[in-house]
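Undergrad: One structure, pasted below without further comment.
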Amino acid sequence: MTGANAVRQVFGFFSFLGRKTGKTRVFAILGLIPVALAVIVRIVLHGRGGLMAAVFTEILMVFFLQFYIVILALFYGTSVTAEEIENRTLTYLITRPIPKPAIILGKSAAYAVLMFAMVGVSLALSYFIMNAARLSDPDLYGTFFRYLGVLGLGILAYTAFFTFLGAVLKRAIIVGMIFGFGWENVIQYFPGSTQKLSIVHYLKSLLPYHPPSVGGGGGRGVALLLFRLEPTTPLAAILILAAVTAGLLALACWLFRVKEYLYED
Amino acid sequence: MTAVIAASHLSKWYGNVLGLNDVSLEIEEGITGLLGPNGAGKSTFMKLITGQMKPAIGSVTVRGRKAWNDPDVYQGIGFCPEQDVFYEDVTGWEFVTGLLRFYGYSRTEIRERAARALDVVDLTADKDRLIRGYSRGMRQRVKFAQTIAHDPDILILDEPLSGLDPLGKRKLIKLIKDFKKQGRTVLVSSHVLPEIEALTSRVVLIHQGKILAQGDIPFIRELIEAHPHQISVRSSDPRALAARFVGDRSIHKMTFGADGRTLVVETHKRDAFFSRLTGVVIEAGIAVEEISSPDDNLQAVFEYLVGK
C-alpha cells in the first residue's frame, strides 16, 4: 500500500473511532459553554451590536484560542500515540502492512478534523447568536471565517506539537498542560522576541484587532484579554505556523518509526 | 525444508531485565508450538517476529526479510496478541473491517473478507454487538478473526486458546490444523502442554529467555518423564496403598502426610503409576478421596530442566 493510501485508510479508521469515544462527547459538551455564554450576552446586551462584537472577540475568542483548542489538541494530540500504548491497541496498528508514519499522520489528521468540527460548530453557533441582528452585514461573515481560519491553524499547530510530545514522552499530558496553560499563557506577554516562542502569539497576530476604544468605554477593559505586544505580520505568522506544524509532525513521524514502544509490564 | 522464520543469536532486554537470550531458531512450514511458563519469553519472541520490537542483538527474519520496520513483511503475517485488548467502542464487524482497511482491499473485498472471518469463528450472529459487551470467549474469537481475515500465510498466535471454553478450544484447534493442511506456517504459544500437544508434535521449550529444548512431543515427554513427579493420594488406608507399591521400581520415594490419610509418591513414570493405581484401589477396596500432583506443572518441569 502506498504511503498516501495508508494515511487515508488510517484517517478513515480513526475518524470513525474518534466520533465514538466518550472523550469526544465530553469535549463537544464543553463546546456548548461559549454558546450558552453567547445566549446570555445576547439577552443582557440586546440592541448594542458594536459592543457585542467586541465582547465576542475579547472574551469568547480567548476561550476558543487559549482554552478550547489548547485542551482539545492536548488530549487528542497526545493520545495519537499514548492511547494506543495505554490501551495496548498499538499492536493492531504496527503489525499491519502500513508505514508507521502513516499512523501518526492519518490519526492526527482525523483528530484535527474532528476538533475542527467541534470548534467550528461551537464558534458558528455562539458567533451568529451574538450577531443575529447583523446577519445581512457581509463583514460579519468575513470576520467569522477569519476567526475560523485562525482557530483551524491553531488546532493544526497545537495538535502537531502535542502529537510530537506524545511520541516522545510517556506522560505527555502533564508536560503538555504546563506548555499549553503555563508557557503559552505567560510567554506571549513577554516583550521583545521572547513572545515569539509561543504558538498563540502567531495566532493572535492573525486576529482582527479591536483597539480598546471600539465599542466605547465598555470595550476598553476586555480588550486587555487579547492584548498583543508586537504582532507578527499575517504572512509571516501563517508561514511560521505552517512550518511549526510540518516540522513537529515530521519529527513525530520519525520518532514513531525508530522508537520502540513497550507496554507497562 | 526452508525456514520461514529464522532467529539468529536473538537477544532482547527490557532495561536490565532479560527478555530473550541468544536465541537461534528456525521455524518451518506447519505448526510449531512454543511452550513455556508465563514470563518465559514467548511473547517477546513473537513481538520480535511481528516487528513490534527491535532486536537488541542478533536478527530475526521472516522469509529472509528482517521483521523490524518492514511493512511488506506484515502483509503475510496474522498476529493474535495475548492481551485481551480491543477498541472497545466498536462492534466486532467494525473492528475486523476497520483493520482490513490497512491491506489495500476494496470496500467490497473488505466486507467479504470480514464476513468470512467472522463466520469462521462463529460470530456472524453477534457481529453488530459492541466488543465491550462480548464474553471472554467471543473476544478471543474476534481477535482470531482479525488474525485470519487477510488470509495470511504465517500465523503467530500468542496463547490463542486461553479464555475459550472446551468447545471453542476444540474448534480453534481444528481451524489451526486446517491452516497447516493449506501449507501455512503457524507458531502458537502456550504454557499448557496438552494444548500444544493437541495442535502439533513439533515443540520448542522456552524458559527464562532461552530455548531449553526443541523436538517432537515424544522427545519432550521423555524429558518430562526424566523429572520425578510428586503425586499425592488421599485415601481411607494410605498404608495399605503404600504396601501395594513397595516393590514397584518406578516409585522413587513414598512418604505419609501429616494428616495420616495421605500418601505422597515420587515417580518417574507418572502415567504408569496412574494406570496401576486404578487396579490397586479396586483390588484392595481402598476409597480414594483425592489425587493431586503438587508439582505436576510445566513450571516444575522447566525448573528441573534448568537445574539439570
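Undergrad: Right, B:Asp22: more than 24 Å from B:Pro152 (Cα to Cα), surrounded by fewer than 23 Cβ atoms within 10 Å (Cβ to Cβ) and charged (D, E, K, R) or not? Before the answer, list the steps.
TA: Values: more than 24 Å from B:Pro152 (Cα to Cα): yes; surrounded by fewer than 23 Cβ atoms within 10 Å (Cβ to Cβ): yes; charged (D, E, K, R): yes.
It is true that B:Asp22 is more than 24 Å from B:Pro152 (Cα to Cα), surrounded by fewer than 23 Cβ atoms within 10 Å (Cβ to Cβ) and charged (D, E, K, R).
Undergrad: Identify, please: which residue in the stretch B:118-167 is surrounded by fewer than 20 Cβ atoms within 10 Å (Cβ to Cβ) and among the small types (Gly, Ala, Ser) and is, among those, farthest from B:Val85 (Cα to Cα)?
TA: Filtering first and then ranking leaves B:Ala125.
Undergrad: Please verify whether B:Gln75 is within 10 Å of chain A (Cβ to nearest Cβ) and over 22 Å from B:Ile206 (Cα atoms), treating the condition exactly as stated. Even if it seems obvious, please write down each step before you answer.
TA: Numbers: within 10 Å of chain A (Cβ to nearest Cβ): yes; over 22 Å from B:Ile206 (Cα atoms): yes.
Here the answer is yes, as B:Gln75 does meet what is asked.
Undergrad: Select from the stretch A:168-205 the residues that are in contact with a helix residue (DSSP H, G or I) (Cβ under 8 Å, 6 or more places away or on another chain), farther than 30 Å from A:Glu84 by Cα and either of a type in the set (S, T, N, Q) or surrounded by 21 or more Cβ atoms within 10 Å (Cβ to Cβ) (or both) and list them in ascending order.
TA: A:Gln188, A:Thr194, A:Gln195, A:His201, A:Tyr202, A:Leu203, A:Lys204, A:Ser205
Undergrad: With over 21 Å from A:Gly31 (Cβ atoms), within 14 Å of chain B (Cβ to nearest Cβ) and out of contact with any strand residue (DSSP E or B) (no Cβ under 8 Å at 6 or more places or on another chain) as the only criterion, which of A:Pro138, A:Pro99 stands out?
TA: Working: A:Pro138 fails: within 14 Å of chain B (Cβ to nearest Cβ).
Being over 21 Å from A:Gly31 (Cβ atoms), within 14 Å of chain B (Cβ to nearest Cβ) and out of contact with any strand residue (DSSP E or B) (no Cβ under 8 Å at 6 or more places or on another chain) holds for just one of A:Pro138, A:Pro99, which is A:Pro99.
Undergrad: Scanning the stretch B:95-115 for residues that are more than 17 Å from A:Lys107 (Cα to Cα) and among the charged types (D, E, K, R), which turns out farthest from the other protein chains (Cβ to nearest Cβ)?
TA: B:Glu112
Undergrad: Can I ask one more? Being buried (at least 17 other Cβ atoms within 10 Å of the Cβ), within 12 Å of another protein chain (Cβ to nearest Cβ), touching an Asp or Glu at 6+ places or on another chain (Cβ under 9 Å) and of a type in the set (D, E, K, R): is that true of B:Lys54 here? Let's see the steps before the verdict.
TA: Values: buried (at least 17 other Cβ atoms within 10 Å of the Cβ): no; within 12 Å of another protein chain (Cβ to nearest Cβ): yes; touching an Asp or Glu at 6+ places or on another chain (Cβ under 9 Å): yes; of a type in the set (D, E, K, R): yes.
Answer is no for this residue.
Undergrad: Now for a separate question. Identify, from the list A:Gly154, A:Gly149, the residue that is part of a helix (DSSP H, G or I), buried (at least 22 other Cβ atoms within 10 Å of the Cβ) and within 17 Å of the chain's Cα centre (by Cα). Break it down into steps so the answer makes sense when it comes.
TA: Details: A:Gly149 fails: buried (at least 22 other Cβ atoms within 10 Å of the Cβ).
Only one candidate passes the filter, namely A:Gly154.
Undergrad: Do we find that B:Asp84 is within 11 Å of chain A (Cβ to nearest Cβ), touching a residue at least 60 places away in the same chain (Cβ under 8 Å) and more than 15 Å from A:Leu93 (Cα to Cα) in this structure? Reasoning before the result, please.
TA: Values: within 11 Å of chain A (Cβ to nearest Cβ): yes; touching a residue at least 60 places away in the same chain (Cβ under 8 Å): yes; more than 15 Å from A:Leu93 (Cα to Cα): yes.
Taking the combined requirement at face value, the residue satisfies it.
Undergrad: Tally time: how many residues in the stretch A:170-207 are out of contact with any Phe, Trp or Tyr (no Cβ under 8 Å at 6 or more places or on another chain), in a loop (DSSP other than H, G, I, E, B) and of a type outside the set (A, V, I, L, M, F, W, C)?
TA: 6
Undergrad: Same structure again: Take the conditions of a type in the set (Phe, Trp, Tyr) and at the interface with chain A (Cβ under 9 Å from one of its Cβ atoms) and apply them to B:Tyr14. Does it pass? I'd like the intermediate steps shown before the answer.
TA: Numbers: of a type in the set (Phe, Trp, Tyr): yes; at the interface with chain A (Cβ under 9 Å from one of its Cβ atoms): yes.
Judged against the criteria, B:Tyr14 is a match.
Undergrad: Please tell me if A:Val62 is closer than 23 Å to A:Val186 by Cα and surrounded by fewer than 21 Cβ atoms within 10 Å (Cβ to Cβ). Steps first, answer last, please.
TA: Values: closer than 23 Å to A:Val186 by Cα: yes; surrounded by fewer than 21 Cβ atoms within 10 Å (Cβ to Cβ): yes.
Yes; evaluated as a whole, the condition is true for this residue.
Undergrad: Looking only at the stretch B:158-187, which residues are within 22 Å of B:Glu94 (Cα to Cα) and part of a strand (DSSP E or B)?
TA: Those that are within 22 Å of B:Glu94 (Cα to Cα) and part of a strand (DSSP E or B): none in the stretch B:158-187.
Undergrad: While we're here: Could you please let me know if A:Val214 is within 14 Å of chain B (Cβ to nearest Cβ), farther than 18 Å from A:Glu83 by Cβ, surrounded by fewer than 21 Cβ atoms within 10 Å (Cβ to Cβ) and at pLDDT below 95?
TA: Numbers: within 14 Å of chain B (Cβ to nearest Cβ): no; farther than 18 Å from A:Glu83 by Cβ: yes; surrounded by fewer than 21 Cβ atoms within 10 Å (Cβ to Cβ): yes; at pLDDT below 95: yes.
So A:Val214 does not fit the description; no.
Undergrad: Run down B:Leu277, B:Leu205 and say which single residue is closer than 30 Å to B:Ala56 by Cβ, modelled with pLDDT of 85 or more and not in a loop (DSSP other than H, G, I, E, B).
TA: Working: B:Leu277 fails: closer than 30 Å to B:Ala56 by Cβ.
Being closer than 30 Å to B:Ala56 by Cβ, modelled with pLDDT of 85 or more and not in a loop (DSSP other than H, G, I, E, B) holds for just one of B:Leu277, B:Leu205, which is B:Leu205.
Undergrad: Can you report the number of residues in the stretch B:27-53 which are at pLDDT 95 or above and of a type in the set (D, E, K, R)?
TA: Of the residues in the stretch B:27-53, 1 are at pLDDT 95 or above and of a type in the set (D, E, K, R).
Undergrad: Something else: Testing A:Ala112 on (1) crowded, with 21+ Cβ neighbours inside 10 Å; (2) in contact (Cβ under 8 Å) with a residue 60 or more places away in the chain; (3) aliphatic (A, V, I, L, M), one condition comes back false. Which one is that?
TA: Exception for A:Ala112: condition (2).
Undergrad: As an exercise: evaluate A:Gly3 against (1) buried (at least 16 other Cβ atoms within 10 Å of the Cβ); (2) within 14 Å of chain B (Cβ to nearest Cβ); (3) under 30 Å from B:Thr44 (Cα atoms); (4) at pLDDT below 95 and give the number of the one condition it does not meet.
TA: So A:Gly3 meets the others, but not (1).
Undergrad: Considering only residues that are within 14 Å of B:Val233 (Cβ to Cβ) and assigned to a helix (DSSP H, G or I), which ones fall in the stretch B:262-274?
TA: Residues of the stretch B:262-274 within 14 Å of B:Val233 (Cβ to Cβ): B:262-267, B:270, B:273-274.
Across the stretch B:262-274, the qualifying residues are B:Arg270, B:Phe273, B:Phe274.
Undergrad: Could you list, in sequence order, the residues of the stretch A:24-47 that are basic (Lys, Arg) and either surrounded by 15 or more Cβ atoms within 10 Å (Cβ to Cβ) or more than 14 Å from chain B (Cβ to nearest Cβ) (or both)? Write out each step before concluding.
TA: Here is the first cut: in the stretch A:24-47, the ones basic (Lys, Arg) are A:25, A:42.
Answer for the stretch A:24-47, where residues must be basic (Lys, Arg) and either surrounded by 15 or more Cβ atoms within 10 Å (Cβ to Cβ) or more than 14 Å from chain B (Cβ to nearest Cβ) (or both): just A:Arg42.
Undergrad: Which condition from (1) within 13 Å of chain A (Cβ to nearest Cβ); (2) within 22 Å of the chain's Cα centre (by Cα); (3) charged (D, E, K, R) is the one that B:Arg65 breaks?
TA: Result: B:Arg65 passes all but (2).
Undergrad: For the stretch A:85-99, which positions are in contact with a Leu (Cβ under 9 Å, 6 or more places away or on another chain) and modelled with pLDDT of 95 or more? Break it down stepwise before answering.
TA: Step one: filter the stretch A:85-99 for residues in contact with a Leu (Cβ under 9 Å, 6 or more places away or on another chain), giving A:85, A:92-93, A:96.
Correct list: A:Tyr92, A:Leu93, A:Arg96.
Undergrad: Would you check which residues across the stretch A:69-96 are facing chain B (nearest Cβ under 8 Å), β-branched (Val, Ile, Thr) and over 13 Å from B:Pro71 (Cα atoms) and list them?
TA: Matches in the stretch A:69-96: A:Thr89, A:Thr91.
Undergrad: May I pose another question? Among the residues of the stretch B:168-197, what is the count of those that are modelled with pLDDT of 85 or more, surrounded by fewer than 18 Cβ atoms within 10 Å (Cβ to Cβ) and more than 22 Å from B:His150 (Cα to Cα)?
TA: Summing the residues that are modelled with pLDDT of 85 or more, surrounded by fewer than 18 Cβ atoms within 10 Å (Cβ to Cβ) and more than 22 Å from B:His150 (Cα to Cα) in the stretch B:168-197 gives 1.
The values are calculated or read from the model by the stated rules, or taken from the named source; none is laboratory data. These numbers come from a predicted model, not from an experiment. Note: ideal-geometry Cβ built from the backbone for every residue, glycine included; neighbour counts use all protein chains shown.
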